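Enquirer: Take this structure first; my questions come after.
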Amino acid sequence: GSPAEGYLAETMVCNPDTIQVSGPEELVDQVDHAEVYLDRDNLERTVNTVLDFTLVDADGNPVEDDRLQCDVDQIEVELPILATKEVKLTVELLAGSGATDADATCTIKPESIRIAGDAELLKGVNQISLGSIDLGEVYGQATLKRSIVIPNDMQNLSGEEEASITVELKGLDTR
């Protein structure tokens, strides 16, 4: 199956992750692995289900024989589905030494990142703050680097771990 647009499927988890097969040696030797099939499309939430499995040989062909016995009849399957969202990076400019945010031009690179997480938690995240900058400590122009800290239980899909912030003050003189 596949996730719906704006969602991400993580790695499927099977429990148990191994099974024990017993029977005649020539049949057991043919078994390479067991497969489960989860056939669902447009998934918007994590799937937890119990599925039958098929024993397969190294070529992907089913190995079926009543003499083969397995220690389990079905496999519990979990397919985590995460929502994704593009969120803007922000910074708070604190007035200082006569400079206010009206006197400053602020550029953040990257401007936004893509994150993934539980759909309900992600609804409440519209931006990620990089903290604050005291304009009293900026003389003309300053470029700072800040770590991008994402909320707990979310993933940074963009891979950007640090943002570059350029603050430029205009219309002010220093003496």
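Enquirer: Averaging over all projection directions, find the projected area of the Cα convex hull of segment 17-105 and quote it in nm² with one decimal place.
Expert: Numbers: hull surface 45.7 nm².
Projected area, direction-averaged: 11.4 nm².
Enquirer: Ignoring ligands, DNA and RNA, what percent of the 1.4 Å accessible area of the chain is carbon and sulfur?
Expert: Details: 4640 of 11360 Å².
Using a 1.4 Å probe with all protein chains present, the chain comes out at 41 percent carbon and sulfur.
Enquirer: Using the reciprocal of the averaged 1/r over all distinct C-alpha pairs, how large is the Kirkwood radius of the chain in Å? Present the calculation step by step, with values, prior to reporting the outcome.
Expert: Numbers: mean 1/r = 0.0484 Å⁻¹.
Every distinct Cα pair counted, the radius reaches 20.7 Å.
Enquirer: Go through 104-117, 146-159, 59-72 and give me the packing order, highest mean Cβ count within 10 Å leading. Could the numbers behind the result be given before it?
Expert: On the way: 104-117: 16.1, 146-159: 13.4, 59-72: 11.2.
The most tightly packed comes first, giving 104-117, 146-159, 59-72.
Enquirer: Further question on the same structure: At 10 °C and 1.306 mPa s, what whole-number value in µm²/s does Stokes-Einstein give for the translational diffusion of segment 50-152, with Rh from the Kirkwood sum over Cα pairs?
Expert: Numbers: Rh = 18.9 Å.
My calculation gives 84 µm²/s for D.
Enquirer: State the number of lysine pairs found in the chain whose Cα atoms come within less than 16 Å, restricting to pairs 8 or more positions apart or on distinct chains.
Expert: 4
Enquirer: Here's another thing I want to ask about it. Helix-derived [θ] at 222 nm for the chain: sum -39500 (n - 2.57) over DSSP H runs of at least 4, divide by residue count, nearest 500? Walk me through the numbers before you get to the answer.
Expert: Numbers: 2 runs with 9 residues, N = 175.
Theoretical 222 nm ellipticity from helices: -1000 deg cm²/dmol.
Enquirer: Over segment 1-45, average the accessible area per residue using a 1.4 Å probe and give it in Å², no decimals. Show your work: numbers first, answer last.
Expert: Working: 3380 Å² over 45 residues.
The answer is 75 Å² per residue.
Enquirer: Further, regarding this structure: In percent, what relative contact order does the chain have, based on Cα pairs under 8 Å that are 6 or more apart in sequence?
Expert: Details: 355 pairs, mean separation 37.8, N = 175.
Relative CO of the chain lands at 22 percent.
The values are calculated or read from the model by the stated rules, or taken from the named source; none is laboratory data. This is a predicted model, so every value here is computed, not measured. Reconstructed Cβ throughout: ideal geometry from the backbone, glycine too, with neighbour counts over all protein chains shown. Remember, those area values only see protein heavy atoms, side chains included, never the ligands or the DNA or RNA. Shrake-Rupley method; radii C 1.70, N 1.55, O 1.52, S 1.80 Å.
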